[in-house]
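I have placed the structure first, in the form of structure tokens, so that the comments after it can refer back to it.
The values are calculated or read from the model by the stated rules, or taken from the named source; none is laboratory data. What you see is a predicted model, and the numbers here were worked out from it, not measured in a lab. Every residue, glycine among them, receives a Cβ derived from its backbone with ideal geometry; neighbour counts consider all protein chains shown. What goes into the accessible areas is simple: the full protein's heavy atoms, side chains included, and nothing from ligands, DNA or RNA. Shrake-Rupley method; radii C 1.70, N 1.55, O 1.52, S 1.80 Å.
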Amino acid sequence: AIRYLSKRRQERVRLIGDTLRQEGFDLVLLQEVWSEKDYSDLRVKLAGCYPFSHYFRSGVIGSGLCVFSRFPILDTLLYQYSLNGYPYMLQHGDWFCGKSVGLPGSRAGVSMGVTAPLLPLSLQLHAEYCREKDAYLPHRLVQAWELAQFIRHTSKAADVVLLGGDLNMHPEDVGIRLLRGWTGLRDAFAEATRFEGCKNGCTLVPDNCFTDKSELLPFPLGIRIDYILYKAISSFTVKCEELKTTTGPALGTDIPFSDHEAVMATLHIQRQGQPVGATPGTADLALADVVTEARTEVGVGLRAAQRQRYSSGRMAVLGLLLLLLQAVAALGILAGLGTEQPFPKVSFCLLAFLALVVLVLSTGLHLFHTMEVKILHGTEDQMWMALRALQERP
């Protein structure tokens, strides 16, 4: 829902609001609500059935994340990922929106009048764009790792963790396996007793009029990259009774709500007789293999970032040398060491301007890739420590 650019945006936002009001969910997690005005319109429309809501602001154009809830939102927290693409990739724009995970802590009523502290998370990870040559895979793995660490460190006071959003990863990708294995989250699609919707739970399907068909050529049935994940902590259990997805155009219209199909889960939360303790990530060889695979991919990204840092640094040095040479030539002319100016003034000024632009841009890129190298290196070290702990654990 990009303002002024997305097709039939206002009509689709209105349809989303009407549907949410009719369905009466307990909790709604939305992504890519880039316009704060759209959120304000939804908040006014849904005030009667969702009295509590929050919009997460980050980046240049915003995170696009918002949540609507029937239950009180006790507090909120936004964590922006350390890596989120490249600022010079303007056609993709992920860097400008500041991809994040939003946490609205709440307390929900469950069966028999019992209340459970919930930890719902609304999030979106970096888009893939090209699966055959995925330049953003290391960044997405860093995001998945930071998300997993974020969940492990913030879920200690919760009874139930709910995560919903566009992870931009296929179910068997290393990033989703890392996230689920390290946190113990369960996939609502795999656990659902009943399912209704697109085949295989796909959320990005070729029949959608807003979908780029070329991206789905290798996947004629579509792909599943939007998830509802959950886990119970302490004395609670969670079961997914039903999972549904939307299937094409909204009822009575010729357009779907979005380029992605919505995912809807009915979860049954129940208190057990005795506390069962926190649900840790599975400490076995399979998880160790996943961490190893993720660490390898992060290492590949680290070496690529180091090469880019070196190239941008070299360009910055060349730009600086060119400026210095021009400065020396200009001082020589002013001091009367040269009988005449070797270049026309216009060409001389243009060359100086070009050298200055190269210096500024190259320095900026060098600083950016330096930070990228540090973050990738740090994540690689964290994964190595985690891997060592998994291997040493009895």
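Data table
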read-out	value
Which numbered condition Glu128 misses (of (1) touching a helix residue (DSSP H, G or I) at 6+ places or on another chain (Cβ under 8 Å); (2) buried (at least 22 other Cβ atoms within 10 Å of the Cβ); (3) modelled with pLDDT under 90)	(2)
Count - residues of segment 136-166 that are open to solvent by 20 Å² or more (accessible area, probe 1.4 Å) and either touching a residue at least 60 places away in the same chain (Cβ under 8 Å) or not small (Gly, Ala, Ser) (or both)	10
Among the residues listed as Phe219, Phe195, the single one being open to solvent by 10 Å² or more (accessible area, probe 1.4 Å), among the aromatic types (Phe, Trp, Tyr) and in contact with a strand residue (DSSP E or B) (Cβ under 6 Å, 6 or more places away or on another chain)	Phe195
Top-ranked residue of segment 45-59 - restricted to ones that are in contact with a Phe, Trp or Tyr (Cβ under 8 Å, 6 or more places away or on another chain) and farther than 30 Å from Thr379 by Cα, ranked as most open to solvent (accessible area, probe 1.4 Å)	Phe52
Residue identified as surrounded by fewer than 19 Cβ atoms within 10 Å (Cβ to Cβ), modelled with pLDDT under 85 and within 29 Å of Leu137 (Cβ to Cβ) among Thr296, Thr292, Thr282, Thr339	Thr282
Hits in segment 39-91 - residues which are hydroxyl-bearing (Ser, Thr, Tyr) and over 14 Å from Leu103 (Cα atoms)	Tyr39, Ser40, Tyr50, Ser82, Tyr86, Tyr88
Residue in segment 229-244 that is farthest from Pro117 (Cα to Cα), counting only those that are open to solvent by 10 Å² or more (accessible area, probe 1.4 Å) and without any contact (Cβ under 8 Å) to a residue 60 or more places away in the chain	Lys244
Where Gly17 falls short, out of the listed (1) closer than 30 Å to Ser155 by Cβ; (2) at pLDDT 90 or above; (3) not charged (D, E, K, R)	(1)
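Per-residue answers, yes or no, for (1) open to solvent by 20 Å² or more (accessible area, probe 1.4 Å); (2) at pLDDT 95 or above:
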{"position": "Tyr4", "(1), (2)": "yes, no"}
{"position": "Arg9", "(1), (2)": "yes, no"}
{"position": "Glu23", "(1), (2)": "yes, no"}
{"position": "Leu27", "(1), (2)": "yes, no"}
{"position": "Glu32", "(1), (2)": "yes, no"}
{"position": "Ser35", "(1), (2)": "no, no"}
{"position": "Arg43", "(1), (2)": "yes, yes"}
{"position": "Ile61", "(1), (2)": "yes, no"}
{"position": "Arg70", "(1), (2)": "yes, no"}
